[in-house]
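Reading through the structure tokens given below for one structure.
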Amino acid sequence: MENFEFNKNLKVYKNFDEAASNILKIMAKFIDVNTLFIAKNDKNTNEIVKVLNKEDVLLEEGETTPFNDTFCKLSVDHGQKILVISDITQSDLTKSLEVTKNLGTGCFIGIPIYSGDGENYGTLCGLDTKNIQFNHSHIDLFETMASLLSYVLDLDNANKQIQQLSAPFVPLTKGVAILPIIGLIREETAENIILLALSKSQQLSLEYLIIDLSGISKINNLVSSYLLKIVDLLGLIGVKPILTGMSPEIALKAMKSNIDFQNIAIEANLERALKNIGFSLEKIAGN
């Protein structure tokens with residue numbers, strides 16, 4: 001049987017923006033158009049979120065224009081089919097637009113990008129001051145990449161929701177909150193948890209933050225180091241952290257990462273953590 005070796009340098013994209021930038025670079029290798037860009041719109045404003053200019057700078061990242069006076073609106077109005085205009089000065093759709101007057105001449109190709117629920121995110125477009133006859137290969141390229149961007153957009157949105165669910169910040173009472181950490185924790189998620197812990201602790205003027213680790217399904221050495229560094233960082237802003245739900249696996253991996261437990265408050269569960277800071281849980285009679 002033939003053996004296959006995996007490429008260790010395989011690119012992993014962290015989010016939609018990073019994937020979008022590289023998709024434009026890939027497209028530029030197969031289509032000779034000056035400007036490739038991805039725009040986002042809210043039906044009022046059209047924002048250029050990613051752009052690749054080969055020679056002339058026709059658009060810049062972050063640039064915004066009224067949505068109604070853009071080629072992107074025409075693309076969205078065209079529906080899920082690609083819009084191809086080889087000469088913007090001759091098409092009834094574009095010849096009267098202010099953007100056409102500014103360019104003077106040229107061409108446009110665009111297709112909408114949709115999220116999984118059917119909502120329009122924006123457009124994937126090509127723009128040039130030359131008149132280009134786009135062929136079937138160009139159209140297939142735009143259609144394929146628009147579908148890929150839609151897929152990546154859904155993954156990015158799902159990942160953001162998962163990150164929010166991975167660490168729901170729960171205020172318990174004045175000066176006290178709990179941060180239950182749930183699921184599979186990766187390095188990027190751990191970094192977000194650290195930022196969440198610091199920002200919310202300052203925002204709520206916390207004295208104590210109980211960090212519950214019992215919901216973590218799997219953890220590696222690097223991430224265990226990240227999570228337990230929260231303790232040191234919280235101490236710098238005057239918040240006392242208490243760790244609960246630490247499994248033997250987490251404890252062993254933390255030990256291998258040379259984490260010093262001497263100054264870390266650790267309790268078996270939430271009830272004991274609350275008792276540690278002067279609270280007690282009592283069952284109300286009749287309930």
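The values are calculated or read from the model by the stated rules, or taken from the named source; none is laboratory data. Keep in mind the model is a prediction, meaning the values are calculated, not measured. FYI the Cβ positions are ideal-geometry reconstructions off the backbone, even for glycines, and counts take in every protein chain you see. Heavy atoms of the whole protein, side chains included, go into the accessibility calculation; ligands, DNA and RNA do not. Shrake-Rupley method; radii C 1.70, N 1.55, O 1.52, S 1.80 Å.
Here's the yes/no breakdown for (1) touching a helix residue (DSSP H, G or I) at 6+ places or on another chain (Cβ under 8 Å); (2) polar (S, T, N, Q):
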{"position": "94", "(1), (2)": "yes, yes"}
{"position": "100", "(1), (2)": "no, yes"}
{"position": "109", "(1), (2)": "yes, no"}
{"position": "120", "(1), (2)": "yes, yes"}
{"position": "126", "(1), (2)": "yes, no"}
{"position": "137", "(1), (2)": "no, yes"}
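Every listed requirement among (1) surrounded by fewer than 14 Cβ atoms within 10 Å (Cβ to Cβ); (2) on the phi > 0 side of the Ramachandran plot; (3) of a type outside the set (Lys, Arg); (4) in contact (Cβ under 8 Å) with a residue 24 or more places away in the chain is met by residue 62 save one, (4).
Based on what the data block shows, is residue 58 assigned to a helix (DSSP H, G or I) and under 14 Å from residue 126 (Cα atoms)? So residue 58 does not fit the description; no. Among 214, 224, 201, which is under 19 Å from residue 265 (Cβ atoms), part of a helix (DSSP H, G or I) and either open to solvent by 70 Å² or more (accessible area, probe 1.4 Å) or at pLDDT 90 or above (or both)? That would be 201, the only listed residue that is under 19 Å from residue 265 (Cβ atoms), part of a helix (DSSP H, G or I) and either open to solvent by 70 Å² or more (accessible area, probe 1.4 Å) or at pLDDT 90 or above (or both). With respect to (1) within 26 Å of the chain's Cα centre (by Cα); (2) in contact (Cβ under 8 Å) with a residue 40 or more places away in the chain, the lone exception for residue 50 is condition (2).
The condition of being part of a strand (DSSP E or B), hydrophobic (A, V, I, L, M, F, W, C) and at pLDDT below 80 holds for only one of 182, 109, that being 182. The residue that is nearest to the chain's Cα centre (by Cα), counting only those in segment 70-114 that are open to solvent by less than 20 Å² (accessible area, probe 1.4 Å) and closer than 12 Å to residue 129 by Cβ, is 108. Quick one: count up the residues across segment 115-145 that are free of Cβ contacts under 8 Å to residues at least 60 places away in the same chain and either over 23 Å from residue 30 (Cα atoms) or not in a loop (DSSP other than H, G, I, E, B) (or both). Of the residues in that region, 9 qualify. In the set 16, 67, 30, only one residue is touching a residue at least 40 places away in the same chain (Cβ under 8 Å), within 27 Å of the chain's Cα centre (by Cα) and either open to solvent by less than 20 Å² (accessible area, probe 1.4 Å) or within 17 Å of residue 141 (Cα to Cα) (or both); that residue is 16. Filtering segment 130-150 to residues that are of a type in the set (D, E, K, R), more than 14 Å from residue 82 (Cα to Cα) and under 33 Å from the mean Cα position of the chain (by Cα) leaves nothing. Look at segment 154-173: where a residue is among the hydroxyl-bearing types (Ser, Thr, Tyr) and a partner is at pLDDT below 75 and not in a helix (DSSP H, G or I), sitting 6+ places away or on another chain with Cβ atoms under 9 Å, you get 166/183; 166/184; 166/185.
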